[in-house]
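This report concerns only the one structure given below.
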Amino acid sequence: MKEALECHPQALGAVPAREPRTRPAAQGCHPSRTEEGALTRRITVFGTGYLGTAHAACLAEMGFEVLGVDIDAARIAALAAGELPFFEPGLQPLLRKGLRSGRLSFTISYSDAAAFARLHFICVGTPQQDGSYEADLSHAARCVNTLAPLLRAPCLVVGKSTVPVGTARIFAERLAQISPAGQDCELAWNPEFLREGHAVQDTMRPGRIIAGVRSARAEAMLREVYASQIAAGTPFLVTDLATAELVKVAANAFLATKISFINAMAEVCEAAGADVMALSGALGHDARIGGAWLRPGLGFGGGCLPKDIRAFMARADELGAGQALSFLREVDAINMRRRARTVDLARELAGGSLRGKLAGVLGVAFKPGSDDIRDSPALDVAATLHGLGALVSVYDPVALEAARRACPELNYAGSATEAVRDADVTLLLTEWQEFCDADPEELGKVTARRAIVDGRGALDPARWRAASWTYRTL
């Protein structure tokens, strides 16, 4: 990797790993007993996107004084007014509660943030680079390079963003080089595992907490932050920096592999005349496999899994270990094939051609419980239908505005009924509960043809066929 200032991941050296471990809580870190503990009661969070806003609001709910920081003045103003710039169940009430309590505030000033606390979380985005599989670390590097010269007292900077392994080591060196506090400005890595639609739950009661640290002091400060979660039984796993970086991308790679595996089995089942849903259920009864994430359908999308597995492959190539992750290329390819197959099914149901046909699309968010359309399979399919000459009418409970900005060429409806009115083919592409609960008889009254592609396997085929629908699924 070049210097963090340039944030390109070439030539990053690996840090020797050691086994994750649990150990007794560090002594003397409670705020009523030590200065360090007291300092952890004030925390800054850099980056107020999905991760940063959720982390800041939940920290305030846990009793900390929290200052959220972002360079986007409009976003900061909206958050300070209690307005959430994205949809996430349960988060806006927590945001407003934190503001009312005085424990949560927001700023665009790095200087104010540096003076406010000795514990700083970095939660900025690391999207995929244009034209490359590599992660774009420019936001994270800019954050470190802007904050470091302002850090004059001993402090801990904690990365939560998903980054290529080795990034933390370079950021740690950079902090020590350009911070007035020198070696007393320490870095730790504490990856996030939030599921969109469950951010509050996953922050307040996570399945595990990973603390990539280099000192007992850093570990003690993170134990202080997560004391309530640890007390509730959440495992607190202490690792080196490199292992902490790898935990998140490895977890996402495994989940993506599991999704693509069952979708590959769906392709085989279709060719063999077998039932992939029955196959999935049978596999799920095997305790070694489990049923979670083993549902065939349109595949994964969003702002994490696709870009994380691609960045993981790119980083492995740089480390000379690309062959170890070569299977992820097929995982990615299987995932993309599901989109093409969904379009094929829609074409078949529309009579062999989509040109001039009306397609009613139910759902464009990448998953229910979110308005996120980043790398959304649903929106991609809708746009492809349009490109093939279909007149596409879309409805989604919360993602319409985001979709409208991304794909203004589509038509946007105010309800499911409006979206499928006069439709030659209907597609369920995001499994919102209101679509799963929809009455096929009532919807059938407004369509031109009772033909539906269930892209998520979320509907009851017998119920829809009983209402005279031609039902196809992946």
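Any read-out appearing in this document is the output of simple, stated calculations on the displayed coordinates, not a laboratory observation. Remember, it's a predicted structure, so these values are computed and weren't measured experimentally. Every residue, glycine as well, gets a Cβ built from its backbone with ideal geometry; the counts of neighbours run over all protein chains shown.
Principal axis analysis of the Cα atoms in region 240-474 yields extents of 60, 40, 30 Å, listed in decreasing size.
Considering only Asn190, Ser393, Ala466, and ranking their Cα positions along the charge dipole of the chain that arises from unit charges at the beta-carbon of Lys, Arg, Asp and Glu, the one farthest toward the positive end is Asn190.
With N as its number of residues, region 35-239 has a Cα radius of gyration that, divided by 2.2 N^0.38 Å, comes to 0.95.
Annotation: extensible slack from Asp130 through Ser228 equals 31.2 nm (criterion: 0.36 nm per residue apart, minus Cα-Cα distance). Computed from Cα atoms, the angle from the helix 241-272 axis to the main principal axis of the chain rounds to 10 degrees. Summary of the geometry: region 276-343 and region 430-474, compared by the centres of their Cα atoms, lie 27 Å apart.
The residues neighbouring Pro149, those whose beta-carbon lies less than 14 Å from its own, together hold a net charge of +3 under the Lys/Arg +1, Asp/Glu -1 convention. Sorting the segments 234-247, 456-469 by their residues' average number of neighbouring beta-carbon atoms within 10 angstrom, most packed first, yields 234-247, 456-469. Overall, the chain carries a charge dipole of about 620 debye about its Cα centre when +1 sits on the Cβ of Lys and Arg and -1 on the Cβ of Asp and Glu, all other atoms neutral. Here region 356-406 and region 123-146 have alpha carbon centers that stand 27 Å from each other. Peptides 327-334, 220-227 ranked from most to least packed by the mean count of surrounding Cβ atoms within 10 Å: 220-227, 327-334. With θ taken as phi - 60° and the Karplus curve 6.51 cos²θ - 1.76 cosθ + 1.60 applied, the whole-hertz 3J(HN,Hα) list for region 193-205 is 9, 6, 9, 4, x, 9, 5, 5, 4, 6, 7, 6, 9 Hz, x standing for glycine and proline.
Convex hull volume of the C-alpha atoms in the chain, normalised per residue: 151 Å³. When you restrict to C-alpha pairs under 8 Å that are six or more residues apart and normalise by the size of region 35-239, the relative contact order lands at 19 percent.
Highest mean first, the peptides 376-389, 288-301 sorted by other C-beta atoms within 10 Å per residue fall in the order 376-389, 288-301.
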